[in-house]
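Enquirer: So that we are looking at the same thing, I have put the structure below in structure tokens.
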Amino acid sequence: MFKALVLNQQDTKTVASVEQLDDASLPAGDVVVGVEYSSLNYKDGLAITGKGKIIRQFPMVPGIDYAGQVLSSGDDRYQPGDSVILTGWGVGENHWGGMAEKASVPADYLVSMPAGLDSRKAMIIGTAGLTAMLCVMALEDAGITPEKGEILVTGASGGVGSVAITLLDQLGYQVVAASGRPQNSDWLKSIGADRVIDRAELLEPARPLEKQLWAGCVDTVGSKILAKVLAQVDYEGAVAACGLAGGFDLPTTVMPFILRGVKLLGVDSVMCPFERRTQAWNRVTELLPESFYTEAATEVELTAVPELAEAITVGQVTGRTLIKL
Ligand code: NDP
């Protein structure tokens with residue numbers, strides 16, 4: 001038997017409850033993992049509250065990421081006792097996820113725990129941290145070096161934003177955090193922001209081209225804010241876009257692209273190929289200072305998840321939320 005958060009649908013509403021499940025109910029997979037930690041991401045919030053059409057088959061165990069130890073394996077790459085990490089691949093969406101003491105997955109979905117990391121730290125990083133690293137790597141690949149100027153991070157208090165701030169700071173970039181929560185300013189500076197601007201400044205209607213302010217940007221918000229940022233990025237600057245916390249539309253023009261050579265770089269962590277995924281896990285492990293793990297995370301039990309899921313969908317969660325199994 002194992003404990004899990006289970007989502008069911010009742011009268012078109014998604015209902016979440018903590019249940020004891022039989023091992024036989026685990027979905028088919030090459031590797032059974034004893035989950036030690038999962039984490040709460042924006043997408044988990046949408047899935048658990050039913051606010052987003054994330055889950056199409058019920059019952060479902062949510063949790064788009066987890067870390068733990070292999071309990072049994074039918075694949076040569078993994079042996080019992082190995083520490084592994086899972087993010088993405090539709091787990092917690094269409095395959096049972098990490099908010100359970102046990103999970104079963106195809107071996108191709110896993111990565112080995114990098115040296116220097118454990119399950120707890122891996123889930124403080126989680127999908128959000130992996131995505132933040134992939135965004136920073138995208139900016140680096142586009143030639144955005146620290147001497148080029150300030151990097152803006154939108155949705156700064158969130159999981160992706162907060163890790164991106166720390167990573168950029170560690171790499172020597174000047175980091176500007178855009179946040180809608182002024183009460184988080186001191187915390188944002190403590191994790192690496194050089195200065196903090198009010199999100200409202202980026203919500204004023206964008207002209208096709210505005211004063212050039214940013215060498216680059218990690219955008220987790222999309223919509224009007226991304227449009228505004230594109231109009232403010234320097235000549236040959238770049239924006240790594242990974243999120244839609246402010247909406248999935250993009251009311252922009254081609255002007256930043258055709259007159260300033262601005263690059264809009266899409267970033268996806270879910271289907272990210274194994275090589276790049278492993279490279280990103282190794283780099284994020286090297287870059288994050290020990291202080292990050294104490295300053296950027298809150299730890300909760302499974303029973304606290306439904307309430308926090310609601311909070312993350314309305315932008316009320318700060319930093320990373322870790323779920324102990
Ligand atoms: P969080 O909810 O932790 O953070 C989002 C942050 O955005 C909030 O903390 C808030 O920061 C800001 N925000 C919230 N609502 C709004 C709004 N209406 N308008 C503007 N800003 C808002 O989410 P995550 O960090 O986990 O994820 C961020 C985004 O990235 C999500 O859209 C998520 O789906 C996406 N994502 C994409 C991935 C990919 O592979 N492409 C992987 C992981 C996440 P503040 O209060 O400081 O302004």
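Enquirer: How much length would be gained if the chain were fully extended between GLU147 and PHE58, taking 0.36 nm per residue of separation minus their Cα-Cα distance, in nm to one decimal?
Expert: Gain on stretching GLU147 to PHE58: 27.0 nm.
Enquirer: Determine the alpha carbon to alpha carbon distance for each of LYS53/LYS189; LYS102/LYS263; LYS43/LYS263 and list only those over 31 Å. Mind showing how you got there, number by number?
Expert: Working: LYS53/LYS189 35 Å; LYS102/LYS263 42 Å; LYS43/LYS263 26 Å.
The pairs that break the limit, which is 31 Å between Cα atoms, are LYS53/LYS189; LYS102/LYS263.
Enquirer: Using the 10 angstrom Cβ neighbour count as an exposure proxy, how do THR166, THR252 rank, fewest first?
Expert: In order of increasing Cβ crowding within 10 Å: THR252, THR166.
Enquirer: Can you give the relative contact order of the chain as a percent, counting alpha carbon pairs under 8 Å and 6+ residues apart?
Expert: Here the relative contact order equals 19 percent.
Enquirer: Given the -39500 (n - 2.57) contribution per DSSP H run of 4+ residues, what per-residue ellipticity at 222 nm results for the chain, rounded to the nearest 500 deg cm²/dmol?
Expert: For the chain, the value works out to -8500 deg cm²/dmol.
Enquirer: Mean 1/r over all different Cα pairs, inverted: what Kirkwood radius does the stretch 126-266 give, in Å?
Expert: About 14.4 Å, per the Kirkwood formula over Cα pairs.
Enquirer: By the scheme Lys and Arg +1, Asp and Glu -1, what is the net charge of all other residues having a beta-carbon under 15 Å from that of CYS135?
Expert: On the way: positive: LYS263, ARG276, ARG277, ARG283; negative: GLU140, ASP141, ASP169, ASP219, ASP268.
Net charge around CYS135: -1.
Enquirer: Shifting gears a bit: How charged is the neighbourhood of LEU209? Take every other residue with its Cβ under 12 Å from the Cβ of LEU209, and add Lys/Arg as +1 and Asp/Glu as -1. Before the final figure, lay out each step's value.
Expert: On the way: positive: ARG207, LYS211, LYS228, ARG260; negative: GLU210, ASP234.
Value of the local net charge: +2.
Enquirer: Take each complete run of DSSP H in the chain, measure how far its Cα atoms stretch along the helix's own axis, and keep only those covering 18 Å or more with mean Kyte-Doolittle hydropathy at least 0.5; list them.
Expert: Span-like helices here: 119-141.
Enquirer: Normalising by the residue count of the stretch 126-266, find the relative contact order in percent from Cα pairs under 8 Å and 6+ residues apart. Present the calculation step by step, with values, prior to reporting the outcome.
Expert: Working: 315 pairs, mean separation 32.4, N = 141.
Reported as a whole number, the value is 23 percent.
Enquirer: So, in Å, what gap is there between the alpha-carbon centers of the stretch 274-325 and the stretch 1-45?
Expert: 18
Enquirer: Based only on Cα atoms, what Rg/Rh ratio does the stretch 36-120 have, Rh being taken as Kirkwood's radius?
Expert: 0.98
Enquirer: So what is log10(I(q)/I(0)) for the stretch 1-70 at q = 0.15, 0.22, 0.28 1/Å, when the Debye sum runs over its Cα atoms only?
Expert: Log-scaled intensity ratios, in q order: -0.52, -1.08, -1.41.
Enquirer: Arranged from highest to lowest average of other beta-carbon atoms within 10 Å per residue, in what order do the peptides 8-20, 309-321 appear?
Expert: Taking the mean over residues of other Cβ atoms within 10 Å, the ranking is 309-321, 8-20.
Enquirer: Could you quote the convex hull projected area for the stretch 166-239, Cα atoms only and averaged over all directions, in nm²? The partial results should precede the final answer.
Expert: Numbers: hull surface 19.6 nm².
Here the figure is 4.9 nm², rounded to one decimal.
Enquirer: Then there is this: Sort largest first and round to whole Å: the equivalent ellipsoid semi-axes of the chain, each the square root of five times a Cα gyration tensor eigenvalue.
Expert: So the equivalent ellipsoid measures 34, 21, 17 Å along its semi-axes.
Enquirer: With charges set only on the Cβ (+1 for Lys and Arg, -1 for Asp and Glu), what does the dipole of the stretch 126-266 come to about its Cα centre, in debye to the nearest 20?
Expert: Working: 11 positive and 15 negative charges, 53 e Å.
For this selection, approximately 260 debye.
Enquirer: Quick check: pseudo-label points 7 Å beyond the Cα along Cα→Cβ at LEU250 and ALA115, how many nm apart are they?
Expert: Label at LEU250, label at ALA115, 4.0 nm between them.
Enquirer: Considering only the other residues whose Cβ falls under 14 Å of the Cβ of LEU21, what net charge follows from Lys and Arg at +1 and Asp and Glu at -1? Could the numbers behind the result be given before it?
Expert: Working: positive: LYS3, LYS102; negative: GLU19, ASP22, ASP23, GLU101.
Computed value for this residue: -2.
Enquirer: Shifting gears a bit: Treating the beta-carbon of each Lys and Arg as +1 and of each Asp and Glu as -1, no other charges, what is the dipole magnitude of the chain about its Cα centre, to the nearest 20 debye?
Expert: It comes to approximately 760 debye.
None of the figures in this text is laboratory data; all of them are computed from the coordinates on show. Worth saying up front: this structure is predicted, and the values here are computed from it rather than measured. FYI the Cβ positions are ideal-geometry reconstructions off the backbone, even for glycines, and counts take in every protein chain you see.
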